[in-house]
1. Collect the residues in segment 55-102 that are of a type in the set (S, T, Y) and closer than 18 Å to I120 by Cβ, keeping them in residue-number order.
2. With the requirement that a residue be touching a Cys at 6+ places or on another chain (Cβ under 6 Å) and open to solvent by 10 Å² or more (accessible area, probe 1.4 Å), what does segment 170-182 give you?
3. Do we have any residue at all in segment 102-116 that's farther than 25 Å from S333 by Cβ, at pLDDT 95 or above and in contact with a Lys or Arg (Cβ under 9 Å, 6 or more places away or on another chain)?
4. Looking at E118, E76, E89, which is the one that is crowded, with 19+ Cβ neighbours inside 10 Å, closer than 30 Å to M188 by Cα and either in contact with a His (Cβ under 7 Å, 6 or more places away or on another chain) or among the charged types (D, E, K, R) (or both)?
5. Identify, from the list P163, P238, the residue that is surrounded by fewer than 20 Cβ atoms within 10 Å (Cβ to Cβ) and more than 30 Å from E298 (Cβ to Cβ).
6. Scan segment 333-351 residue by residue and report those that are buried (at least 18 other Cβ atoms within 10 Å of the Cβ) and not hydrophobic (A, V, I, L, M, F, W, C).
7. Kindly evaluate E199 against the criterion of being acidic (D, E), out of contact with any strand residue (DSSP E or B) (no Cβ under 8 Å at 6 or more places or on another chain) and surrounded by 20 or more Cβ atoms within 10 Å (Cβ to Cβ).
8. Checking V317 against (1) among the β-branched types (V, I, T); (2) within 20 Å of the chain's Cα centre (by Cα); (3) under 27 Å from R220 (Cα atoms); (4) crowded, with 21+ Cβ neighbours inside 10 Å: exactly one of these is not met. Which one?
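The values are calculated or read from the model by the stated rules, or taken from the named source; none is laboratory data. The model shown is predicted, which means the values in this text are computed figures rather than measured ones. Don't worry about glycine lacking a Cβ; one is built from the backbone with ideal geometry, like all the others, and counts go over all protein chains shown. To get the accessible areas, we keep the full protein, side chains included, count just its heavy atoms, and leave off ligands, DNA and RNA. Shrake-Rupley method; radii C 1.70, N 1.55, O 1.52, S 1.80 Å.
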Amino acid sequence: MKRYASRITNWSLPSAFRSFNFFWVDKRYRNFGSKTAEDLINGEEVNDKDKGNQVSDMLIDSFGRKHSYLRISLTERCNLRCQYCMPAEGVELTPSPQLLTHREIIRLSDLFVTSGVEKIRLTGGEPTVRKDIQDICLDLSNIKGLKNLAITTNGITLARKLPLLKQCGVTNLNISLDTLVPSKFEFMTRRKGHHKVIESINAAIDLGYNPVKVNCVVMRGFNDDEMCDFVDLTREKPINVRFIEFMPFDGNVWNVKNSCHEKIPALKRLHDHPTETAKNFQIDGHAGTVSFVTSMTEHFCAGCNRLRLLADGNLKVCLFGPSEVSLRDPLRSGAGDDVLREIIGAAVKRKKAAHAGMFDIAKTANRPMIHIGG
């Protein structure tokens, strides 16, 4: 299996380096999108960002948690069909007119950032399939107070788009890869493209991203035998392998972190930020790190600082909770910032102390992950 791991560290630079448009918009936002991502090719730079704003009461829930991190789903569409995310026949997607437009995304993002959000992560579906992603990133990166602009992607089309995305202000990357074996990849995703993901990981490293985060959903009996090979990726390269617990809903839950630590006792615990979702480790002498996202066996609800804006404009305060509130509808009805802040603040105040746990979550009506966003 190590021969698959070595391919990531040895591959050369990828070849990439050789209608419904009605919206209400305040006059302050009329210029968003007037400068395109392609302007950067001619030498224009992204403006420097301020250092951020104090978190307002709008983003503080009844348990005192401050929400400074917003995940935005740009699209429900994806170029893979991962078995744990989408049925083979697909799902019914939200009609395009009901999805947030470029300007609506920027307007709402500006509202969140001026209220204290410091980090925005773009998700999907697959965010890179959205044609205007570079322009969205450019406008987001110019919002004063935003410190980090991240993308979670499956890496299929990332390599050729990444140089411009970096110029447009993308500061952090998470690339999903659940197996180092191409045949397993095709089985899990129902598509070819393993080599393209590897290419994207190398492209990110060559462009200076440090660390390049690699998300791996660990499934017992499918890819848990590859955990040591994934850890080996961190030996020479600035890769942060992030093992994510698979939620089976059938009682077959097991602690991924403990299982990996038994196989690799050299892993040493690092200091974690209070709002960190992962438990972080490193092997002495390795360039990269290893993390475990244990949302079921060791949940991190007490330090949660995340909110989600879905592609259709619904705000979701907890990934595992069914509650949603529309920001799109009042926005398109002409609501001003004060009204939007009241809606957001009320939703945040209703956030529960913790999710219901695996078995209750399985019984709860919730939308498919392709609708919610990664």
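1. Once the filter is applied, which keeps residues that are of a type in the set (S, T, Y) and closer than 18 Å to I120 by Cβ, segment 55-102 yields S56, S68, Y69, S73, T75, T101.
2. If the condition is that a residue be touching a Cys at 6+ places or on another chain (Cβ under 6 Å) and open to solvent by 10 Å² or more (accessible area, probe 1.4 Å), then D178 is the only one that fits.
3. Yes, segment 102-116 contains a residue that is farther than 25 Å from S333 by Cβ, at pLDDT 95 or above and in contact with a Lys or Arg (Cβ under 9 Å, 6 or more places away or on another chain).
4. After applying the criteria, what remains is E76.
5. Result of the check over P163, P238: P163.
6. Passing the criteria: R341, K351.
7. yes
8. Evaluating V317 over (1) among the β-branched types (V, I, T); (2) within 20 Å of the chain's Cα centre (by Cα); (3) under 27 Å from R220 (Cα atoms); (4) crowded, with 21+ Cβ neighbours inside 10 Å leaves (3) as the failure.
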